[in-house]
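Here's the structure, in C-alpha cells; my notes come after.
The values are calculated or read from the model by the stated rules, or taken from the named source; none is laboratory data. For clarity, every value in this text was computed on a predicted model and none was experimentally measured. Using ideal geometry, Cβ is built from the backbone for each residue, glycine included, and neighbour counts are taken over all protein chains shown.
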Ligand code: IPM
Ligand code: MN
C-alpha cells in the first residue's frame, strides 16, 4: 500500500520525536511491503520563521491532499521566543487551531494506558493502580471556548476580556456518536463530563448525549461533573473506559490523565473528521526546555503513528506490531529520562527510536 503522509515536525522537541516515528514507519514499510510518501509541512514557529504566519493556505491545501498527517509539536517558550511578540492570531498555537478547524478534526482521541512496566513512574499509590487502567479520552476539538468569539476591550476605563463558549446540538451529537462507537469496541462504558450545574452549554451537552445514548442500549452512560472527574482520575482511574467531553475540559483532563500513566511523553493522540483522514500527534507540548538535547521521549509520537496506521489506513496488524515493540522496549528495561526509575537503562531519543524499530516484527 502507498501511504501519503504529511509530516509536520514543528518546534521544540518536535523534529527529534518525529524523526524517530518516521524511522519506525519506515521499518514497518520495509517489513510489511508498504511505501510511505512523505510531504514535509511547515506549521507553528517553524512556519512563522519562513512565512511570517503559523500556517499558510498552501500548507492547508497540501495537508488536505495527504491521507493523514503526522505531527510533532508546536510552540516555544512564551517568555523568550520572539513568536510570542506577535499578536495572538499569528502565534504558533494559532496554526494548530486553524488546521484542526480547516480539516474539521472534531474528534480527538487520547488513550491513557498504564503500562505494567511503568507503574514505578506513576505518581499514584500502588493500591490505586493495581491491575492497571486503560481509558480513552474523547475530546471535542473544533468548538467551545477555543473557537468562540473573543475580544479584549475597555469598558468605562476597565479592561475587560471576553471568551465565549458555544456548542450547537450537531457539534455535540457527532462527537457523542463517535464516543459511543468507540465504547462499543471497548468496555462499553461512557462517562460524559460536563459542568451542567452551572453552564448552559453543558446542559445541552447532557441532553444531546442522552439522546445519542438511546441508540446504544449496550453502552452504560454516566454523567460526571468536570471538577469531580478531575478528582476521580487520581482517586480511582480504573473506573473509566471512555471519557466524552468538550474541548477545554478535554484539554485539561487529558494532561491529568497522561500524568497518572507516568508521563505525558507516553500519550498518543488522533484527531479525526468524518472521513479516514486524521492528524496524529503526541498529546505533550514542544518542551522547549529540553529541545535539541536528544533526551525527549519519542514513544507518544511513535504510538501516534500506530494510531495513524489503524484509523487512517486500516493497517491493524502493523499498528499492533508498533504497540508490541513499544511494550517490548519497556519490558527490556529501556527508559527515557521522563520515565526512568531505579535499575533501568536510560537511553536518549534516537536510541529509543532505534530500539523500537529493531523490535518491529
Ligand atoms: C493540546 C495543546 C493545544 C490545545 C495547544 C498547544 C493550543 O495543549 O493539543 O492539548 O490546547 O489544544
Ligand atoms: Mn493540552
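When the residues of region 68-85 are filtered to those that are within 16 Å of ligand 2 (Cβ to nearest atom) and in contact (Cβ under 8 Å) with a residue 12 or more places away in the chain, the one that is surrounded by the fewest Cβ atoms within 10 Å (Cβ to Cβ) is 76.
No other residue among 41, 86 is over 23 Å from the mean Cα position of the chain (by Cα) and assigned by TED's automatic domain parsing to the domain that holds residue 350 apart from 86. Listed conditions (1) on the phi > 0 side of the Ramachandran plot; (2) exposed (fewer than 15 other Cβ atoms within 10 Å of the Cβ); (3) at pLDDT 95 or above are all met by residue 131, apart from (3). The set of residues in region 207-226 being assigned to a helix (DSSP H, G or I), exposed (fewer than 14 other Cβ atoms within 10 Å of the Cβ) and in contact with a strand residue (DSSP E or B) (Cβ under 9 Å, 6 or more places away or on another chain) consists of 210 alone. Among the residues of region 293-300, is there at least one that is within 15 Å of ligand 2 (Cβ to nearest atom) and crowded, with 22+ Cβ neighbours inside 10 Å? Within region 293-300 (the criterion being within 15 Å of ligand 2 (Cβ to nearest atom) and crowded, with 22+ Cβ neighbours inside 10 Å), the answer is yes, since at least one residue qualifies.
I'm trying to understand the selection: among the residues of region 112-128, which are in contact with a strand residue (DSSP E or B) (Cβ under 6 Å, 6 or more places away or on another chain) and either in a helix (DSSP H, G or I) or buried (at least 20 other Cβ atoms within 10 Å of the Cβ) (or both)? Before you say what the answer is, go through the steps one by one.
The initial filter retains those residues of region 112-128 that are in contact with a strand residue (DSSP E or B) (Cβ under 6 Å, 6 or more places away or on another chain), namely 112-113.
Of everything in region 112-128, just one residue is in contact with a strand residue (DSSP E or B) (Cβ under 6 Å, 6 or more places away or on another chain) and either in a helix (DSSP H, G or I) or buried (at least 20 other Cβ atoms within 10 Å of the Cβ) (or both), namely 112.
For region 236-250, the criterion of a residue being within 16 Å of ligand 2 (Cβ to nearest atom) and either within 12 Å of residue 133 (Cα to Cα) or within 11 Å of the chain's Cα centre (by Cα) (or both) is satisfied by at least one position.
Output the residue which, of all residues in region 75-97 that are assigned to a helix (DSSP H, G or I) and within 9 Å of ligand 1 (Cβ to nearest atom), is nearest to residue 282 (Cα to Cα). Ranking the candidates gives 96 first.
Can you tell me which of 60, 7, 18 is more than 16 Å from ligand 1 (Cβ to nearest atom), buried (at least 20 other Cβ atoms within 10 Å of the Cβ) and at negative phi?
On the way: 60 fails: buried (at least 20 other Cβ atoms within 10 Å of the Cβ); 18 fails: more than 16 Å from ligand 1 (Cβ to nearest atom).
From the options 60, 7, 18, the qualifying one is 7.
Is it true that residue 342 is closer than 25 Å to residue 93 by Cβ, at pLDDT below 95 and away from ligand 1 (no atom under 16 Å from the Cβ)? Talk me through it step by step, then tell me what you get.
Working: closer than 25 Å to residue 93 by Cβ: no; at pLDDT below 95: yes; away from ligand 1 (no atom under 16 Å from the Cβ): yes.
Here the answer is no, as residue 342 does not meet what is asked.
Listed here are the helices (runs of 4 or more DSSP H) enclosed by region 240-337 that have at least 3 residues being more than 16 Å from ligand 1 (Cβ to nearest atom) and either free of Cβ contacts under 8 Å to residues at least 60 places away in the same chain or over 20 Å from residue 4 (Cα atoms) (or both): 299-311, 316-331.
Quick check on residue 354: is it away from ligand 1 (no atom under 16 Å from the Cβ) and either assigned to a strand (DSSP E or B) or farther than 19 Å from residue 28 by Cα (or both)? Before you say what the answer is, go through the steps one by one.
Values: away from ligand 1 (no atom under 16 Å from the Cβ): yes; either assigned to a strand (DSSP E or B) or farther than 19 Å from residue 28 by Cα (or both): no.
Considered against the rule, which asks whether it is away from ligand 1 (no atom under 16 Å from the Cβ) and either assigned to a strand (DSSP E or B) or farther than 19 Å from residue 28 by Cα (or both), residue 354 comes out as no.
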